[in-house]
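Here is the structure we will look at, set down as structure tokens.
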Amino acid sequence: MTIFSNDLVLELPDIKKLEFIKINKNYLKVILINAFLFFTPLFIGLIVMHQYVFTAEINEFIVPIYGIFIAFFGFIIWYLLLSFTKRKYALREKDISYKSGLLVRKITTVPFSRIQHVETDEKLISRVFGLSSISVYTAGDSSDDLVIKGITKKTALKIKEFITTKINE
Amino acid sequence: MNNSFDFSNFSRQSPKGILVIYIHLIYKLIKVSWLLLLLLIKDFSKLSNLGANYLYLSLTLLLLLLLARAYLTYKNFQFKIANEHFILKQGILKKTNTSIPFHRIQNINFKQNIIQQIIGVFEVSIETAGSKDTEIAIKALPLLKAEALKEFVSKKAQFGATEIIDSDKKPLVKIGVKELLKVSLTENHLQNLMIFLAIIIGFFQQIEQIVGSLGRTEALDGLIVESKNALSASFFFILILFIFLTIVALLSSFVKVFLVHFNLTAYLTDDSFEISQGLFTKKSIVLKKQKIQNITISTNPLKKLIGISFITFKQVLSGRVNVKKDKLIRLVGCKKAQIASIKASLFNVTELENGERKYPNSYYKRRIFTFSFLFTIGMYAVLFLISSQVEIFYSTILVFPIITFLVLKKVKKRFYKITDTMLLVGSGLLETHLTYLEIFKVQNIKMKQTFFQKKSDVADIVLQTASGKINIPCIRFEDAIKIYNHTLYKVENSKTSWM
């Protein structure tokens, strides 16, 4: 019988000292393309409204309306560009972490021993750049678990492999 | 021991099950078509003789069809136990084969609705954690067989033998009618009123959908406008409304408490709680201690006055949180000593109780103040835009002190205590909630820091457990990092299974 031991741990592994890896640069292109895909229909909609729907009274202000729209779009793009560099992940021997966010910084860590299953998937635009994402799920309300988007397919599969072997240990 | 039952071959439930299924089917039919039925009954006298005959005929046919369906459902519903799996065959046209490994079984519950009580059978439901489709309910089993099944499965599942409740064992908690009255009186009436009103509104919307086509809505609108005028005109009317709502709130509390918790009895065994309660539908639940993710002990000022609180046991949730509200198991009307013995039986709390309470940074107070004041000001702005009456601003004299009071209450109740193995989080507004969590049961951990929080050097911690989130807002960044590291260390080094 082994004697229960619980040695005093002087220093816990520190999350602050963890070296994070940035996600693949190509993913920025994916984000930008997605943003354009989102805004183009809105912009077309605005033009259609301008030409056919708006009354003359509203059309007096059409320049500021376009201005606000473009400024808003510009702001979103600017924010996406800046926050992109904050998307990082890290693997340790026993857990996986992901951090992101410019105005709201978030960091999530999932211990391997609590992972229920791991998924990798490639969305259409990501696939063009050879990128995929990896999601890990834990028990319970699974909406908030960890997703790393924008890593190469090879890396994603490697991480998946790594986690799977760790879970089965 | 009940070895007289053989589960290795496929067997059916008790033939009485046909009746249970039949009534359940009829109930379901009435539930979807009650409005239609109502209209039918209303206009019944207008029907011609022949029409009435047709109606009877089709009704009889329908009932016969349902009976046939109930019989076939019963006939095709078979279960057995093989290789540590519970195997179930069911379905009339679409055959389903379900197999649940024993270690996936979370608990086995007995339930009795009024029909099942009358004919003396039990509904046995097998709850699993994880995949939501594998929820099995055997509608009708005689008590002996049900217990034999439970024993068989629980033995094999190795969560220890479950004792059959014998009557001479002393229950840990037993809530009689008198205590239940106390519990109902001290309920959160406002919340119950809201729930009740929500149900009523839903009910009216359903009626409106039918009536709407008949052009009655105009009359209804007229009524609303009228009563609006009356409202501003007469204080008397408001008083009546107030009294009426109070009575409704009280009544809804009473009904809710009595329906769910009637004859509440809880037994404590070595490794589980056995809880049975309910008025029309008796439910008995075996709650494995190991499977309890966290517990919350709650009370409110009224309950505190008479010295009772309630405990909510949280188990593993699967899928969306709201789907399984009934997985929250609640023990109402517990006295201090009972709470203490439940706590002590679950975890080692002495260190925790003696520990020091840590409160969030003053940033937390500022944040709630800012949000609630901004929200109120926004509401006033909207109200003013709609009504354009300056008089509404008189109410600020009352509203702002109340909000200030509530915010201060909320801030005061927020605290946390952490020891090597346990975490205690206090929260609440008027009610007080104390959530106890064993740290190794955390699923994942998250830290959030907004731009403003960074300036004040504070951060939020969110601990995700298998039964929901636990927040520790706005604590010093340094402490947050400490909790973060400590939690991960505990989770990653624990050998105990979290469920």
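The numbers here are math on the coordinates, done by the rules we state, and not lab data. All of these numbers come straight from a predicted model, not from anything done at the bench. No Cβ is skipped: glycine too gets one built from the backbone with ideal geometry, and neighbour counts run over all protein chains shown.
Remarks
- Nearest-20 debye value, the protein assembly as shown charge dipole, Cβ charges on Lys, Arg, Asp, Glu: 900
- Euclidean distance between Cα centres, segment A:29-58 to segment B:77-113, Å: 54
- Relative packing of peptides A:149-155, B:241-247 - highest average C-beta neighbours within 10 Å first: A:149-155, B:241-247
- Relative contact order (percent, whole number), chain A, Cα cutoff 8 Å, 6+ residue spacing: 20
- Exposure proxy order (Cβ contacts within 10 Å, fewest to most) of B:363, A:98: B:363, A:98
- By the helix-only formula, in which each DSSP H run with n ≥ 4 contributes -39500 (n - 2.57) and the sum is divided by residues, chain A has a 222 nm mean residue ellipticity of -13500 deg cm²/dmol.
- Average beta-carbon neighbours from other chains, 10 Å sphere, peptide B:484-490: 5
- Long pairs among A:29/A:149; B:303/B:409; B:283/B:469; B:150/B:495; A:88/B:417, criterion Cα-Cα beyond 21 Å: B:283/B:469; B:150/B:495; A:88/B:417
- A Förster radius of 25 Å, combined with the Cβ-Cβ distance separating residue B:181 from residue B:429, puts the computed FRET efficiency at roughly 0.50.
- Cβ-based net charge around residue B:373, under 15 Å, with every Lys or Arg adding one and every Asp or Glu removing one: +4
- Degrees separating the helix A:62-84 axis from the principal Cα axis of chain A, which is the longest one: 20
- Taking Cα atoms only, the orientation of helix A:153-168 departs from the longest principal axis of chain A by about 40 degrees.
- By the beta-carbon count within 10 Å of each Cβ, the least crowded to most crowded order of B:447, B:194, fewest first, is B:194, B:447.
- Helix-only CD estimate at 222 nm, as mean residue ellipticity for chain B, using -39500 (n - 2.57) per DSSP H run (n ≥ 4): -15500 deg cm²/dmol
- Listed from fewest to most Cβ neighbours within 10 Å, the set B:330, A:114, B:414 follows the order B:330, B:414, A:114.
- For segment B:13-62: rounded, prolate or oblate by the Cα gyration tensor [a/c cutoff 1.5]: oblate
- Restricting the calculation to alpha carbons of chain B gives Rg and Dmax of 27.4, 83 angstrom.
- A simple spin-label model places pseudo-atoms 7 Å from Cα toward Cβ; at residue B:37 and residue B:144 they are separated by 3.7 nm.
- Global geometry of the protein assembly as shown, whether rounded, prolate or oblate, following the gyration tensor of its Cα atoms and the 1.5 cut on a/c: rounded
- Helix A:26-48 vs. chain A, principal-axis angle (Cα, 0 to 90°, nearest 10): 30
- Euclidean distance of C-alpha centroids, segment B:1-55 and segment A:111-168, integer Å: 48
- Note: relative contact order over chain B, using C-alpha pairs below 8 Å and six or more positions apart, is 11 percent.
- With a Förster radius of 51 Å applied to the beta-carbon distance between residue B:69 and residue B:383, the computed FRET efficiency rounds to 0.40.
- Whole-Å distance, taken between Cα centres, linking segment B:406-448 and segment B:339-381: 6
- Averaged over the residues of B:492-498, the number of partner chain Cβ atoms lying within 10 Å of the residue Cβ comes to 3.
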